[in-house]
1. Going by the conditions given, is THR83 open to solvent by 20 Å² or more (accessible area, probe 1.4 Å), modelled with pLDDT of 95 or more, within 14 Å of ligand 1 (Cβ to nearest atom) and among the hydroxyl-bearing types (Ser, Thr, Tyr)?
2. Residues of region 169-224 being farther than 24 Å from LEU81 by Cβ, out of contact with any Ser or Thr (no Cβ under 7 Å at 6 or more places or on another chain) and open to solvent by less than 60 Å² (accessible area, probe 1.4 Å), which ones?
3. Restricting attention to region 130-148, which residues are touching a helix residue (DSSP H, G or I) at 6+ places or on another chain (Cβ under 9 Å), open to solvent by 10 Å² or more (accessible area, probe 1.4 Å) and within 16 Å of ligand 2 (Cβ to nearest atom)?
4. Among all residue pairs at least 6 apart or on different chains, which show Cβ distances below 6 Å where the first residue, located in region 350-373, is under 19 Å from CYS390 (Cα atoms) and the second is assigned to a loop (DSSP other than H, G, I, E, B) and of a type in the set (S, T, N, Q)?
5. Tell me, please, whether a residue that is farther than 20 Å from LEU88 by Cα and not basic (Lys, Arg) can be found in region 173-192.
6. Suppose we filter region 97-143 for residues that are within 16 Å of ligand 1 (Cβ to nearest atom), part of a loop (DSSP other than H, G, I, E, B) and of a type in the set (D, E, K, R); how many remain?
7. Given the conditions (1) surrounded by 17 or more Cβ atoms within 10 Å (Cβ to Cβ); (2) under 30 Å from ARG118 (Cβ atoms); (3) within 14 Å of ligand 2 (Cβ to nearest atom), report the number of the one that ARG22 does not fulfil.
8. Residues of region 266-307 being open to solvent by 30 Å² or more (accessible area, probe 1.4 Å), within 23 Å of HIS42 (Cα to Cα) and part of a strand (DSSP E or B), which ones?
Amino acid sequence: MTVKTPGREMRVLVLAAGKGTRMKSKKAKVLHSAGGALLIEHVANAAKAVSSHVSVIVGHQADQVRAALTGVEFIEQQEQLGTGHAALSARPAFEGYRGDVLVLPGDIPLIESSTLDRLVAFHRSGGFSATVLTAELDDPFGYGRIVRGAGQSLERIVEQRDATPEIRAIREVNSGVYVFDAGALFESLAGVRNRNAQGEYYLTDVFGILVEGQRPVGAIMASSAREILGVNTRQELAVVDRELRDRKRAALMTAGVTLVDPATAFIDMNVEIGADTVIHPFVRIEGRTVIGEDAVIHSFARLTNARVGSRSTVLDGSIVADSEIGSDVSVGPYAHLRMGATIADTARVGNFVEVKKSVIGRNTKAMHLAYLGDATIGANVNIGAGTITCNYDGVRKNPTTIEDDVFIGSDSQLIAPVRIGKGAYVAAGSSITEDVPSDSLGIARGRQINKPDWARERKKGK
Ligand code: UD1
Ligand code: CA
């Protein structure tokens with residue numbers, strides 16, 4: 001839902017140029033992930049729900065931040081001299097703009113658009129020139145404190161490092177989310193100085209300046225304090241990650257998915273799972289994975305950008321990455337499907353079978369200990385235990401084709417490029433170097449010789 005006041009425009013400014021020193025990372029803070037998406041993606045999503053005009057201030061690792069987002073505009077902050085300086089670098093882009101500006105820090109991934117809507121509605125109904133979203137925290141350490149004066153009206157915002165012990169005792173904090181009248185914002189930003197503990201230009205100083213100029217300012221408390229949690233450290237990243245995954249788990253259960261042990265179901269936000277699917281304890285489902293209905297995913301499976309059809313089962317310890325499993329399929333335990341493996345409906349891939357960049361046809365079975373790479377395998381094929389497609393000759397990867405209704409005996413090596421024709425058999429233990437025609441038997445192994453009494457003679461000799 002978007003708040004729309006007729007005749008009044010709303011734009012969003014997201015501050016994402018900082019390094020995030022407290023993360024102790026080579027990577028810019030907003031590029032860290034929580035809940036299966038980058039911090040900046042979460043914030044940009046909330047921003048886009050409020051306005052179609054979103055500007056993101058970039059600086060540190062700007063190219064990566066640009067690459068991570070779509071549908072927003074970027075503004076460069078050359079040097080990171082503080083949040084006030086960041087907002088000020090948007091002034092040229094806002095030249096002549098007379099509406100409101102919603103400002104969001106790029107490091108608060110739990111913020112929800114419904115809260116932003118409430119903030120905007122409060123700002124507009126109160127006729128404020130600036131409004132801050134606040135929250136009461138049990139441990140307000142690190143946040144700017146909300147200092148209220150006579151009649152509880154907002155007086156100023158004081159940063160942790162600039163605060164006296166009395167101000168540090170205040171538990172109402174600044175979320176870093178604000179709505180400003182654009183004119184009031186840029187006029188007062190021009191007056192912000194950097195005489196403070198960090199030597200930075202603070203966006204928060206705008207409130208003190210507006211109050212001194214007798215302009216009306218507002219403050220509204222978020223209904224849930226958790227929503228405004230900012231990520232400045234790895235500890236806070238972990239807290240936020242858990243919260244996002246809790247939300248995802250709750251949404252899946254509401255939609256009819258069984259999580260046997262929700263606490264150990266590790267599921268990214270963009271994953272889709274159909275009703276009546278059961279997820280067992282200690283399962284990890286990542287990226288853009290889509291699972292159908294009535295599927296079962298057993299413990300210690302890891303699915304990354306996978307597709308799993310309805311009624312299929314992924315048994316314990318299996319890895320499915322960038323691969324597709326049809327309906328009524330069974331995979332695992334301890335199977336490894338990767339790089340575009342495609343398993344058709346009703347097929348079975350058993351324990352310790354690796355399938356790389358291969359197609360496995362309908363109803364085909366590869367039940368034990370096999371490597372199938374760069375192979376195209378038809379329907380109703382039986383791949384015996386220990387079958388290996390020798391796809392790599394040291395220079396290039398070569399294809400193996402196995403047509404419908406083929407039987408590959410156990411412990412065979414298929415030395416690619418090679419084709420096994422429809423209905424053919426390959427004898428167990430063969431090293432197949434040439435094509436096997438349809439309906440034929442290919443046998444390629446040393447003949448057995450039995451030497452009678454050999455063993456008895458040997459023992460006698462000793
Ligand atoms: C800020 C607020 C603090 C508030 C807290 C809420 C100020 C001075 N303080 O503190 O009152 O409680 O957020 O989370 O605003 N950024 C830039 N350019 C810069 C500096 C920062 O784009 O030059 C961006 C960062 O990338 C980040 C956001 O602004 O996404 C906030 O910066 P951060 O350093 O995390 O501010 P806090 O110290 O958390
Ligand atoms: Ca912060």
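1. When the stated conditions are applied, THR83 passes them.
2. ILE170, SER224
3. Scanning region 130-148 gives LEU137, PRO140, PHE141, GLY142, TYR143.
4. Listed by first residue and then by second, the contacts come to ALA370/THR387; LEU372/SER358; GLY373/ASN391.
5. Step one: filter region 173-192 for residues farther than 20 Å from LEU88 by Cα, giving 173.
Next cut, not basic (Lys, Arg) only: 173.
Scanning region 173-192 turns up at least one residue that is farther than 20 Å from LEU88 by Cα and not basic (Lys, Arg).
6. The qualifying residues number 4.
7. All conditions are met except number (1).
8. Across region 266-307, the qualifying residues are PHE266, GLU272, ARG284, VAL290, THR304.
The values are calculated or read from the model by the stated rules, or taken from the named source; none is laboratory data. Because the structure is predicted, anything quoted here is derived from the model rather than measured. Heads up, the Cβs are rebuilt from the backbone with ideal geometry, glycines too, and the neighbour counts pull from every protein chain shown. These accessible areas exclude ligands, DNA and RNA; they are computed on the full protein's heavy atoms, side chains included. Shrake-Rupley method; radii C 1.70, N 1.55, O 1.52, S 1.80 Å.
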